[in-house]
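K.L.:
Can you keep this structure in mind? I'll have questions shortly.
The values are calculated or read from the model by the stated rules, or taken from the named source; none is laboratory data. All values derive from a computational prediction rather than experimental measurement. Cβ: placed from backbone, ideal geometry, glycine included. Neighbour counts: every protein chain shown. Surface areas here come from the heavy atoms of the whole protein model, side chains and all, with no ligands, DNA or RNA. Shrake-Rupley method; radii C 1.70, N 1.55, O 1.52, S 1.80 Å.
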Amino acid sequence: MDIDTIPNLLSDQRDAAPEDFQHMFIQFEDHHEKKLWHELTDVLVQYFNLPGTEHQRLPLYNHFIKTFAAKINQLKLVTLGLSAAAQCKDDQERLTFLSTLAEEVNKPASQDAFVYATVAVASVKLRLGDHDGARKDLDLAESVLDSFDSVETVVHASFYRANADYYHAKHEFASYYKNALLFLACVDVADLTSEERQSRAYDLSIAALVSDSIYNFGELLLHPILDSLNKSPHSWLRDLLFAFNRGDLRAYDVLAGNISKDQLLKTHQIFLYQKISLAALTETVFRRPPHDRAMTFATIADETKVQPNEIEHLIMKALSLGLLKGTIDQVAEIARINWVQPKVLDMKQIEGMRGRLKEWDSSVNQLGNWIEGVGKDVWAA
């Protein structure tokens, strides 16, 4: 575009802008004329974030910002481009727009911007059902990210978000769980909409429950995102997670009626019972002091409420998954456990640990008193 036409463009766009924001176009023109690219970029980012400016973002980007795109911070250019792309008529047009943007910033000095744009391309491909294309773009973005010593948090957040969306679409639950939590670590949860917080908490909870490799929900149970399920139609799901964490089969039986509300949980219902049975076993072991972890199968069945004929297989499964360490005497039907996987404790479990510590403290005092009584002559000497 001829530089002489820019004032006319800005004048037309100013007239179309909300009245409260029209003064900002004077800043656009002034900064552009003085070639104050940093100041111009910041005020454009500010304008693009204002409500009511949506309809102007795409024309401003195409007819104004592109005239000096190479002169401004390329990461901020992509930020402006993403805001503009949201106004494209459909995902196909959006894909073309973002692919062109990614190519334009694919330079040695702006690889962070290239990753940011490439991840946005992958997200659109996911919505269009091109999972292979999205995976290829995400792998490329990851390889570039791995080469950085540091990068803006927004770039990492966009990558983890898109990666999580990919694994969610592919039903790869453990990978979704990991990437979704990494995404949340890069953002302020308060900046997400209430709908997004609730949706993310719901999907994370489902992934944690149905994954065959996640048996410790500690990170999720401690994360404020889970609070978004409180006082919602999905509050039962939060209760179910905590029931799994403490291996509470009775609570599971009470909440099991909700499982049919989610197709994934319904499909995995047999697996869910096996999983909470394992949680009940590890909780039973955890509650006992280390010197009292040789238990008969009958004792385990009584304390976990698992059927006696399932106990041996349950222990073997726990040992194979690394949830417990120990040995089984199949003839005597005794399990000797010497280690249990650490996990996050609720208040009831913490109170139980407090009781065991007090018991241990009392035992140590008794031993000290006994040694002092028996060895008086030795101490005197």
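K.L.:
Per 20 Å bin from zero, what fraction in whole % of the C-alpha pairs of the chain is there, up to the bin with the longest pair?
P.N.:
22, 39, 25, 12, 2, 0
K.L.:
Still on this structure, please answer the following. Gaussian network model of the chain, Cα springs within a sub-10 Å range: biggest mean-square fluctuation belongs to which of 269, 366, 87?
P.N.:
366
K.L.:
Placing +1 on the Cβ of each Lys and Arg and -1 on the Cβ of each Asp and Glu in the chain, which of 289, 233, 151 has its Cα farthest towards the positive end of the resulting dipole?
P.N.:
Sorting the options by dipole projection puts first 289.
K.L.:
Using θ = phi - 60° and the Karplus form 6.51 cos²θ - 1.76 cosθ + 1.60, what ³J(HN,Hα) does each residue of the stretch 269-277 get, whole Hz, x for Gly and Pro?
P.N.:
Working through the residues one at a time gives 4, 5, 4, 4, 5, 5, 5, 6, 5 Hz.
K.L.:
Go through 360, 37, 339, 236 and list them by solvent-accessible area, largest first, probe radius 1.4 Å. Don't skip to the end; give the middle numbers.
P.N.:
On the way: 360 160, 37 50, 339 90, 236 20 Å².
Solvent-accessible surface, decreasing: 360, 339, 37, 236.
K.L.:
Could you list, in their original order, any pairs among 66/178; 170/261; 76/125; 170/305; 34/125 whose Cα atoms are separated by more than 29 Å? Walk me through the intermediate numbers first.
P.N.:
Numbers: 66/178 38 Å; 170/261 21 Å; 76/125 23 Å; 170/305 35 Å; 34/125 40 Å.
As for pairs spanning more than 29 Å Cα to Cα, those are 66/178; 170/305; 34/125.
K.L.:
Given N residues in the stretch 12-57, what is Rg(Cα) / (2.2 N^0.38 Å)? The partial results should precede the final answer.
P.N.:
Numbers: Rg = 10.2 Å, N = 46, 2.2 N^0.38 = 9.4 Å.
Normalised Rg, Cα atoms only: 1.08.
K.L.:
Excluding same-chain residues fewer than 8 positions from residue 35, which aspartates and glutamates have a Cα within less than 18 Å of its Cα?
P.N.:
2, 4
K.L.:
Give the carbon-plus-sulfur fraction of the accessible surface of the stretch 148-194 in %, rounded to a whole number; probe 1.4 Å, heavy atoms of protein chains only. If you can, show how the numbers build up before the last one.
P.N.:
On the way: 1090 of 2360 Å².
Carbon and sulfur: 46 percent of the exposed surface of the stretch 148-194.
K.L.:
Let me ask another. Would you calculate, for the chain, the mean residue ellipticity at 222 nm contributed by helices, counting each DSSP H stretch of 4 or more residues as -39,500 (n - 2.57) and dividing by all residues, to the nearest 500? All intermediate terms of the calculation are to be shown ahead of the outcome.
P.N.:
Numbers: 20 runs with 246 residues, N = 381.
Rounded to the nearest 500, the figure is -20000 deg cm²/dmol.
K.L.:
Over the chain, average the accessible area per residue using a 1.4 Å probe and give it in Å², no decimals.
P.N.:
Working: 20300 Å² over 381 residues.
Heavy-atom accessible area per residue stands at 53 Å².
K.L.:
Taking θ as phi - 60°, what are the ³J(HN,Hα) couplings along the stretch 233-246 by the Karplus curve (6.51, -1.76, 1.60), each to the nearest whole Hz, with x for Gly and Pro?
P.N.:
x, 9, 4, 4, 5, 5, 4, 5, 4, 5, 5, 5, 4, 9
K.L.:
While we're here: Compare the peptides 189-198, 279-288 by average per-residue count of other Cβ atoms within 10 angstrom and give them in order, highest first. Present the calculation step by step, with values, prior to reporting the outcome.
P.N.:
Details: 189-198: 12.3, 279-288: 21.8.
Highest-to-lowest ranking by the protection proxy: 279-288, 189-198.
K.L.:
Report, ordered by chain and residue number, the lysines lying within cross-link reach of residue 358, taken as a straight Cα distance under 18 Å and ignoring same-chain residues fewer than 8 apart.
P.N.:
In chain and number order, the partners are 348.
K.L.:
Which semi-axes, in whole Å and largest first, does the equivalent ellipsoid of the stretch 109-265 have when worked out from the alpha carbon gyration tensor as the square roots of 5 times its eigenvalues?
P.N.:
Numbers: eigenvalues 199, 51, 37 Å².
Semi-axes, largest first: 32, 16, 14 Å.
K.L.:
Next question. Using a simple spin-label model with points 7 Å from Cα along the Cα→Cβ vector, what separation in nm is obtained for residue 258 and residue 76?
P.N.:
4.7 nm
K.L.:
A further question follows. Report the label-to-label distance for residue 190 and residue 170 in nanometres (one decimal), using points 7 Å from each Cα along the Cα→Cβ vector.
P.N.:
3.6 nm
K.L.:
Please give the FRET efficiency for residue 333 paired with residue 150, using the beta carbon to beta carbon distance and R0 = 56 Å, rounded to the nearest 0.05. Could you put the intermediate results ahead of the total?
P.N.:
On the way: r = 56 Å, r/R0 = 1.01.
Plugging the Cβ-Cβ distance into 1/(1 + (r/R0)^6) gives 0.50.
K.L.:
Still on this structure, I have one more. Quick one: how many Å² of residue 123 are accessible to a 1.4 Å probe, rounded to 10?
P.N.:
Spelled out: residue 123, probe radius 1.4 Å, area about 30 Å².
K.L.:
Now a separate question. 5 Å is the cut-off here: which amide hydrogens, built 1.01 Å from N in the peptide plane, fall below it relative to residue 326, excluding neighbours closer than 5 in sequence?
P.N.:
It is 338, by chain and number.
K.L.:
Using r as the Cβ-Cβ distance of residue 69 and residue 139, and R0 as 41 Å, what FRET efficiency do you calculate, to the nearest 0.05?
P.N.:
Details: r = 27 Å, r/R0 = 0.66.
Working from the Cβ atoms, E equals 0.90.
K.L.:
Which order, highest average first, do 178-187, 252-261 follow once you tally other Cβ atoms within 10 Å for each residue and take the mean per peptide?
P.N.:
Values: 178-187: 18.7, 252-261: 15.0.
My ranking of the peptides, most packed first, is 178-187, 252-261.
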